[in-house]
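What follows is a set of notes on a single structure, which appears directly below.
The values are calculated or read from the model by the stated rules, or taken from the named source; none is laboratory data. What you see is a predicted model, and the numbers here were worked out from it, not measured in a lab. Please note: Cβ atoms are built from the backbone with ideal geometry, for glycine as well, and neighbour counts cover all protein chains shown. Protein only, heavy atoms only, side chains kept; ligands, DNA and RNA dropped before computing areas. Shrake-Rupley method; radii C 1.70, N 1.55, O 1.52, S 1.80 Å.
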Amino acid sequence: MNTIVVLLALLGGLGLGAVAAYYFLSKKSEGKAAEILKNAEERAQAIKKTRELEAKEKFYQLKTEFEQDTNQRRRELEEKENELRKKEQSLSDKYQNADRKSKELDSVKEDLTKQLEILNIKKHELEKSHETHVKKLEQIAGLSAEAAKNELVEALKQDAQTEALIHVKNIVEEAKLTATKDAKRMVLQTIQRTAAEQAIENTVTVFHIDNDEVKGRIIGREGRNIRALEAATGIEIIVDDTPEAIILSGFDPIRRETARLALHRLVSDGRIHPARIEEVVEKTRRDLEQEIIEIGERTIIDLGIHGLHPELIRMIGRMRYRSSYGQNLLKHSREVANMCATMAAEFGLDTKLAKRAGLLHDIGKVPDDDPETPHALLGMKLAQKFGEHPEVCNAIGAHHDEIEMTTLLSPIIQACDAISGSRPGARREDSEAYVKRLHDLEKLALSFDGVQKAFAIQAGRELRVIVDSDSLDDKQSDLISFDISQKIMKEMIYPGQIKVTVIRERRAVNFAK
């Protein structure tokens with residue numbers, strides 16, 4: 001019981017102590033808060049005064065700047081106003097001067113008008129006097145003025161024509177003699193100074209083998225090897241009874257060469273089966289393409305030609321495997337290049353440019369594709385595409401007269417091309433088929449009414465037609481040229497293109513006895 005009383009007394013004492021402590025602390029906190037509030041108010045008042053002073057200073061500063069700017073603008077406006085007044089005064093003075101000058105010009109115009117009227121009157125009087133004088137002369141001479149004038153003009157015209165014809169005839173005869181002599185000299189010198197090499201290219205290549213046992217291995221079981229080889233190369237392989245030989249037939253000489261080299265590798269290696277054939281053909285094709293580029297590079301080095309586009313160099317190498325009427329195209333082009341340089345030197349032209357044009361003149365025969373465009377025009381487009389000189393481009397395009405010749409280099413290329421192609425033994429051609437094609441061309445032209453003669457020239461690339469001038473006029477000549485060209489396209493087979501030229505002339509011949 002006592003213990004409980006004691007505990008209760010302790011608890012009551014602790015409660016009273018806690019209440020007393022809380023009251024004391026609350027009183028102390030209220031005093032500190034009041035002090036903090038007082039300090040805060042004092043600081044706020046000080047900050048407020050500072051900000052008011054700063055605002056007033058800023059206001060006065062802005063006011064001063066605004067007044068200065070306003071004064072400056074006012075002064076500028078006053079200056080501009082003064083300038084405008086001066087300009088206005090100047091314009092007013094000019095207007096007064098112009099008005100004064102206008103009045104002076106009006107006065108001068110009136111004077112000129114009066115003088116013109118006087119001149120017209122005098123002119124009229126002179127015309128009347130001239131007419132009277134002419135009538136008197138006509139009465140004396142017995143001819144009108146117009147008739148006398150016509151007779152005089154006709155007499156002078158006839159004299160001038162006679163003298164001109166005599167002069168022209170002398171010039172033409174002298175030019176023919178000189179030109180013929182010089183042309184013969186140049187052609188002879190060119191042929192003598194140019195080495196003429198030649199190669200006969202066929203549409204077949206003969207591949208020689210050691211024995212007929214190898215022939216059976218090339219054919220393979222049930223012909224699978226030879227079919228794989230034909231599919232890979234695009235060349236027809238003929239295995240016949242010819243001993244120790246296989247014939248490779250195809251129009252593309254590069255494919256024939258690829259097939260020949262691939263067969264040589266396969267036979268040397270001894271492993272011949274379809275997979276190996278495809279591998280060897282592909283490797284041979286890559287090696288041959290590299291060899292073509294090397295041939296082109298050696299050619300331009302030998303000829304001293306620089307700066308050719310790589311694609312043109314590759315095409316020059318492909319000429320090695322292309323022939324024209326049995327004449328190797330690369331050898332023909334080299335021959336033409338050398339002759340062009342020789343002939344250009346005789347004329348005092350650029351020999352390097354001539355040699356370049358001679359080498360590239362048949363470049364249109366060896367593109368990767370085979371368009372129907374004539375090789376001269378295609379070669380010109382390729383040369384233009386790869387940045388060749390305009391004179392070279394014109395020479396390439398005009399060497400078969402497909403376009404007009406614009407430089408002296410073009411006829412030189414044409415002449416050298418004809419010399420190289422017509423050299424005895426240079427080309428192999430079926431003369432009967434060639435003559436028949438020319439005869440058919442002439443016969444076709446002669447079948448038209450009004451045609452007197454027809455001549456196939458330029459190896460059948462041009463047809464010259466002479467018509468009767470009495471039965472056909474110029475418009476009908478144009479029409480007959482078109483009709484002949486259309487009939488040629490429908491009825492004949494020919495390489496490239498054929499130029500149809502219709503000639504209509506009228507000759508007046510008299511004899512003085």
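Scanning residues 5 or more positions from ARG322 or on other chains, those with amide H under 5 Å from its amide H are LEU329, LEU330, with H placed 1.01 Å from N in the peptide plane. What a 1.4 Å probe finds exposed on segment 223-328 is 48% carbon and sulfur by accessible area, rounded to a whole percent. Near LEU288, once Lys and Arg are set to +1 and Asp and Glu to -1 for all other residues with Cβ below 13 Å from its Cβ, the sum equals +3. Over every Cα atom in segment 208-354, the radius of gyration and the widest Cα-Cα span, Dmax, amount to 19.8, 67 Å.
Bridging of LYS101 to lysines at a Cα separation below 16 Å is possible for LYS109, once same-chain residues fewer than 8 apart are set aside. Multiplying the residue separation of GLU41 and LEU112 by 0.36 nm and subtracting their alpha-carbon distance yields 15.2 nm. With only Cα atoms counted, segment 345-422 has Rg and Dmax values of 11.8, 38 Å. When the pairs LYS331/LYS352; LYS365/LYS487; LYS381/LYS436; LYS157/LYS475; LYS436/LYS475 are compared against a 22 Å limit on Cα-Cα distance, LYS365/LYS487; LYS381/LYS436; LYS157/LYS475; LYS436/LYS475 fall above it.
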